[in-house]
1. Say we join alpha carbon atoms closer than 10 Å with springs in a Gaussian network model of chain B; which of B:Arg98, B:Arg135, B:Arg18 then has the biggest fluctuation?
2. Just to be sure I understand: of the beta bridges DSSP finds with both ends in chain B, what percent are antiparallel, rounded to 5?
3. Nearest 20 debye, what's the magnitude of the dipole of the protein assembly as shown about its Cα centre given +1 on Lys and Arg Cβ and -1 on Asp and Glu Cβ?
4. Can you compute the equivalent ellipsoid semi-axes for segment B:2-80, i.e. the square root of 5 times each eigenvalue of the Cα gyration tensor, sorted largest first and rounded to whole Å?
5. What FRET efficiency, computed as 1/(1 + (r/R0)^6) with R0 = 60 Å and r the Cβ-Cβ distance, is obtained for A:Arg199 and B:Lys197, rounded to the nearest 0.05?
6. Going by a ≥ b ≥ c, the root eigenvalues of the Cα gyration tensor, does the protein assembly as shown fall in the rounded group (a/c under 1.5), the prolate group (a/b larger than b/c) or the oblate group?
7. Test of understanding: in a Gaussian network model of chain B with alpha carbons linked when under 10 Å, which of B:Ser205, B:Ser194, B:Ser11 would top the mean-square fluctuation ranking?
8. Rule-of-thumb check for chain A: C-alpha Rg over 2.2 N^0.38 Å?
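Values in this text are rule-based calculations from the coordinates and carry no lab data. Note that the coordinates shown come from a computational prediction; the quantities given were computed from them, not determined experimentally. Positions of Cβ are generated from backbone atoms using ideal geometry, with glycine treated the same way; all protein chains shown enter the neighbour counts.
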There are 2 protein chains.
Amino acid sequence: MAKDMILYWGSGSPPCWRVMIALEEKGLQGYHHKLLSFEKQEHKSKEVMDINPRGQLPTFKHGNRVVNDSYAACLYLENQFRSQGTPLILDGAEEQARMYQRMFEAQTFQQKLIDVLYYTWRVPEAERHDSAVKRNREALSAELQLWEQQVGEGPFLAGKSFSLADVIVFPIIACGVHFGLSQDRYPRLGQYYSLLKNRPSIMASWPPHWVENPQGMDTLEGL
Amino acid sequence: MAKDMILYWGSGSPPCWRVMIALEEKGLQGYHHKLLSFEKQEHKSKEVMDINPRGQLPTFKHGNRVVNDSYAACLYLENQFRSQGTPLILDGAEEQARMYQRMFEAQTFQQKLIDVLYYTWRVPEAERHDSAVKRNREALSAELQLWEQQVGEGPFLAGKSFSLADVIVFPIIACGVHFGLSQDRYPRLGQYYSLLKNRPSIMASWPPHWVENPQGMDTLEGL
């Protein structure tokens with residue numbers, strides 16, 4: 001079935017990484033994929049735009065079914081291949097409530113991270129303000145403190161089992177670590193990161209340009 | 001079971017409205033709820049912050065389970081009350097793929113609508129730029145044209161049956177109409193709006209301050 005699938009992805013993009021983790025967990029290795037370069041604007045190529053008119057990655061197709069959004073693709077894969085690989089939606093009501101809540105509040109986390117990491121890329125020079133940079137960093141700091149509390153009751157985000165919450169949130173935390181997030185200041189996030197980073201599905205899909213340059217950046221230093 | 005639920009909500013907020021539509025569709029009338037005022041900052045009250053540290057609406061609790069995000073709450077309700085009321089997750093693979101894709105690309109739609117409607121509320125005066133206002137309106141216009149194509153193969157967003165895609169997207173479109181979206185310029189969106197607005201779950205949860213002031217606004221005129 002994986003032969004009917006194609007994923008267009010960019011290295012280091014948390015949304016792309018999620019879909020790759022879900023594919024690994026569901027035992028769907030062998031899917032077709034194309035690694036595209038954001039720098040070269042390959043996500044705006046005709047090949048992508050024909051499937052995904054917003055020109056974003058991931059772009060994902062299973063047969064004739066187009067499921068581009070990372071959450072949509074993860075939920076679709078779990079529902080279509082429920083009896084295969086790791087069950088990613090938890091059964092118990094408590095765990096399921098926590099799983100959905102963490103999955104979706106992760107969007108706030110991701111947005112606040114993006115607001116800090118990509119400010120100069122997203123905001124034209126004439127519209128940039130030091131006050132906005134400061135506010136964005138403060139908002140990310142508050143968000144990190146919240147997740148530091150939320151993570152670590154664990155071992156996984158929704159409780160004792162790996163779930164879609166981990167598929168969705170781990171790439172955001174790993175991205176934070178790559179950009180200099182202090183594991184001393186956020187020890188629970190650090191512990192969670194260390195636990196998950198050696199999971200086979202995550203190792204198999206680790207961003208290749210992070211492997212080439214494991215040093216990372218220091219954008220989040222001091223936060 | 002609905003007696004164990006409490007929803008804190010604001011009138012006219014698409015995320016709050018979604019949860020109310022889902023509760024109606026699942027036959028969970030009789031849940032407790034509190035209508036709060038954004039203007040009076042009641043969403044930042046201790047009562048809300050104790051459950052929802054970000055101080056956002058909706059805030060939703062079922063027994064001890066906190067599920068604040070609107071997508072999380074809708075998915076949780078459908079999973080926990082699957083055999084009750086309207087089935088909101090479609091079974092067929094094609095319809096399910098389309099349902100998830102529409103549900104989640106709706107976030108882009110909602111964000112672009114917010115960027116236009118609430119620019120002055122969200123951006124401090126010293127950081128506002130006409131160039132940003134213009135860019136936001138152009139982005140929303142492109143997004144509307146995309147949805148005008150996507151809607152209307154229907155009658156519902158994912159095909160022949162009402163689904164979570166409609167629960168999620170209808171409030172965004174209704175919000176657009178309330179703020180002056182031209183149904184002449186977007187006839188398919190207008191047709192979809194007209195079809196859905198009389199659905200019992202939607203009528204029962206219609207924003208009360210829109211009922212009091214059905215005139216609406218003209219913020220989106222000309223888009």
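1. So, out of B:Arg98, B:Arg135, B:Arg18, the one fluctuating most is B:Arg135.
2. Bridges in chain B are about 60 percent antiparallel.
3. Dipole about the Cα centre, nearest 20: 340 debye.
4. They are 19, 13, 11 Å, listed largest first.
5. 0.80
6. rounded
7. B:Ser194
8. Rounded to two decimals, the normalised Rg is 1.02.
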